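After the structure tokens below, expect a handful of questions from me.
The values are calculated or read from the model by the stated rules, or taken from the named source; none is laboratory data. Keep in mind that this is a model prediction, so the values were computed, not measured. When we count neighbours, we look across all protein chains shown, and the Cβ atoms used for this are built from the backbone with ideal geometry, even at glycine.
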Amino acid sequence: MNSQQAYDEFWNSFGVDAFEESTVPDDAFATRDAYITYTAASDEFDRTVSLTASVWRRSTKWKEITELAALIEERIGRGGHVVWYDGGGIWIKRGTPWAQRMSDTDPAIRRIFMNIEVEYFTTV
């Protein structure tokens with residue numbers, strides 16, 4: 001598995017579909033209640049890269065989407081979470097500010113936007 005596959009696998013491990021931001025299907029809400037979007041970088045070694053992720057849910061309430069964001073926050077933790085791939089790892093950390101509720105033009109859509117910091121490192 002390469003670094004991008006490992007990063008994708010991380011975002012898809014929360015029980016809902018996750019898509020790199022530019023690959024969200026046009027009918028995303030037609031076939032699912034919630035999903036995650038994320039930005040990605042490729043093997044940016046020796047520096048921290050600022051990225052973003054969002055959780056989306058079709059609902060008029062914040063409860064379920066807040067629980068999903070809390071699950072992501074818990075997995076990352078205060079010290080970050082390392083995702084391993086062949087030859088290296090990705091250290092995923094919470095950015096600042098961590099998470100913010102966002103409005104949408106559709107009042108039935110809830111979104112929480114998260115700042116993420118990642119570092120790539122090699123093990124060889």
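Check ARG75, ARG101, ARG111, ARG58 and return the single one that is touching a His at 6+ places or on another chain (Cβ under 6 Å) and of a type in the set (Lys, Arg).
Matching residue, one of ARG75, ARG101, ARG111, ARG58: ARG75.
Confirm whether ILE112 is touching a helix residue (DSSP H, G or I) at 6+ places or on another chain (Cβ under 9 Å), at pLDDT 95 or above and among the β-branched types (Val, Ile, Thr).
Taking the combined requirement at face value, the residue satisfies it.
Exactly one of (1) surrounded by fewer than 15 Cβ atoms within 10 Å (Cβ to Cβ); (2) of a type in the set (A, V, I, L, M); (3) at pLDDT 95 or above is unmet by VAL83. Its number?
(1)
Pick from GLY89, GLY95: which is modelled with pLDDT under 95, surrounded by 15 or more Cβ atoms within 10 Å (Cβ to Cβ) and not charged (D, E, K, R)?
After applying the criteria, what remains is GLY89.
Counting only residues that are surrounded by fewer than 19 Cβ atoms within 10 Å (Cβ to Cβ) and among the β-branched types (Val, Ile, Thr), which one in region 34-75 is farthest from the chain's Cα centre (by Cα)?
Result: THR60.
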